[in-house]
Amino acid sequence: MNRSIKSVLDQTYQNIECLVIDDGSTDDTEEKVKNLMTHEPRLKYFKLKNGGQSVAKNFGIKQAQGEFIAFNDHDDAYLPEYVQKAVEAFRHLPADVAYLSGGVINEDEFGRKTYYLPQLEPFWKLSIGNGWVFRQSAFEKFGIHSDPSMSGFEDLDLHLQFRQHFRGYVIDVPLRLYFLRTRPSSSALSSSEYHKRFVRSFENFFTKYEKLYENQGEEAISWLCFFGGLVYMRASQVDKGRLFLKRSRQRQPSFKNILYSGFATFGYKPFLIFDNFKNSFMRVIRSLLLNRVP
């Protein structure tokens, strides 16, 4: 958290406010932030009951006083020129949303870190390591908000809402870091309850945006179906997982969806073994080939 807040306050563009929305934490977050507030007037602190990321973001949107709004989670960090580059883009271009690319720091359970820079992706699958800056007035004009029924898809949902109404621009310069921590398999991230919630979120997202993805062409809808297949298979909903992976393969065959479809035919456990092995293998490859973070 300290790293996230410090990265905001250390921006080269200083005319900012930093709102810390505490979504019901039980640690010493409040004490730490209030200590910082004694010598940092740009910092404001709000504590909410645990309502989820969407509730916290919607609250922050309503409290924000600035012309532009950006979000920074506790595991993110802005590079020093992040805000300045975004403001310059808004001043010179007729935009209501700007995308700023970023890097990912993958940190495993042993503290080992690997840095990599994701390729610029199509708008419909931008997710990790991405930074959005929005014009504040646009939220008011169209009632755009973060949907609590899409936990895990909040950032992409916000962006897609904006895309349906406004023009946006891409600043393809790494200006943000996302810290992705690899956790042991016993963590909450692998719990059945987590996967059940994620399935519900995906189904809400799919219902809302299936037509938009269809309109973007075969690659887009194939990607969405492939992602859905992974969501269902990891939640042990094998029949739905196979169906979505099959739809992905039918819309646009690729080595990836053909391979995953093949393993899905063997059932939940063989699929999960393959999926975990593939993810572990990719982490090893990154740690061997990509730059180390000191």
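The values are calculated or read from the model by the stated rules, or taken from the named source; none is laboratory data. Just so we're clear, the structure is a prediction, and the values are computed from it rather than from any experiment. Reconstructed Cβ throughout: ideal geometry from the backbone, glycine too, with neighbour counts over all protein chains shown.
What to note about this one:
- Of all residues making up segment 36-48, the number that are among the aromatic types (Phe, Trp, Tyr) and assigned to a loop (DSSP other than H, G, I, E, B): 0
- Among the residues listed as Gly66, Gly51, Gly60, the single one being assigned to a helix (DSSP H, G or I) and under 20 Å from Leu158 (Cα atoms): Gly60
- Being assigned by TED's automatic domain parsing to the domain that holds Leu175, at pLDDT below 85 and surrounded by 19 or more Cβ atoms within 10 Å (Cβ to Cβ) is a property that holds for Asp96.
Table: residues versus (1) touching a residue at least 40 places away in the same chain (Cβ under 8 Å); (2) over 20 Å from the mean Cα position of the chain (by Cα).
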| residue | (1), (2) |
| --- | --- |
| Phe46 | no, yes |
| Glu67 | yes, yes |
| Ala70 | yes, no |
| Leu79 | yes, no |
| Tyr82 | yes, no |
| Val87 | yes, yes |
| Leu93 | yes, yes |
| Tyr99 | yes, no |
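Rundown of residues vs (1) within 19 Å of Phe153 (Cβ to Cβ); (2) outside any helix (DSSP H, G or I); (3) assigned by TED's automatic domain parsing to the domain that holds Asp157; (4) among the basic types (Lys, Arg), yes/no style:
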site	(1), (2), (3), (4)
Lys211	yes, no, no, yes
Glu219	no, no, no, no
Ser222	yes, no, no, no
Phe227	yes, no, no, no
Tyr232	yes, no, no, no
Leu243	no, no, no, no
Lys246	no, no, no, yes
Arg249	no, no, no, yes
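- Failed item in (1) surrounded by fewer than 16 Cβ atoms within 10 Å (Cβ to Cβ); (2) within 28 Å of Pro148 (Cβ to Cβ); (3) at pLDDT 95 or above, with Leu259 passing the rest: (2)
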